[in-house]
Amino acid sequence: MKSELYSILIRPIMTEKVVSASQSTNTYAFEVPVSANKIEIRRAVEQAFKVKVVGVRTAMQHGGTRRFGYRRVTQPDVKRAYVTLAEGDRIDLL
């Protein structure tokens with residue numbers, strides 16, 4: 001059960017924009033697998049942090065190609081989940 005939670009929630013994203021959104025709109029961001037859907041993300045966050053999730057938005061960042069000397073390397077695709085919590089709930093990530 002716990003391994004399923006941590007296979008869906010790879011890591012929290014702590015950028016300046018996400019931190020200000022967490023303070024103003026109670027929204028947190030996580031990196032998730034490309035195959036994860038919104039229902040799985042909602043269940044994982046609710047079970048891992050014992051909070052009530054109001055909404056989940058996802059965004060795909062497609063990996064591009066980069067050059068290292070004469071080689072071209074393709075970066076992996078990354079999926080982010082923006083999770084909005086119910087009023088009064090918080091996640092302490094720091």
Q. If we scan segment 64-85, do we find a residue that is of a type in the set (Gly, Ala, Ser) and over 18 Å from GLU4 (Cβ atoms)?
A. yes
Q: Test each condition in (1) surrounded by 15 or more Cβ atoms within 10 Å (Cβ to Cβ); (2) in a loop (DSSP other than H, G, I, E, B) for LYS79 and report the one that comes out false.
A: (2)
Q: Could you tell me which residue of segment 45-55 is farthest from the chain's Cα centre (by Cα), considering only residues that are over 12 Å from ARG90 (Cα atoms) and at pLDDT below 95?
A: GLN47
Q) What about PHE30, is it without any contact (Cβ under 8 Å) to a residue 60 or more places away in the chain, under 15 Å from SER7 (Cβ atoms) and not basic (Lys, Arg)? A) yes
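The values are calculated or read from the model by the stated rules, or taken from the named source; none is laboratory data. Remember, it's a predicted structure, so these values are computed and weren't measured experimentally. Cβ sites come from the backbone with ideal geometry, for glycine too, and all protein chains shown count toward neighbours.
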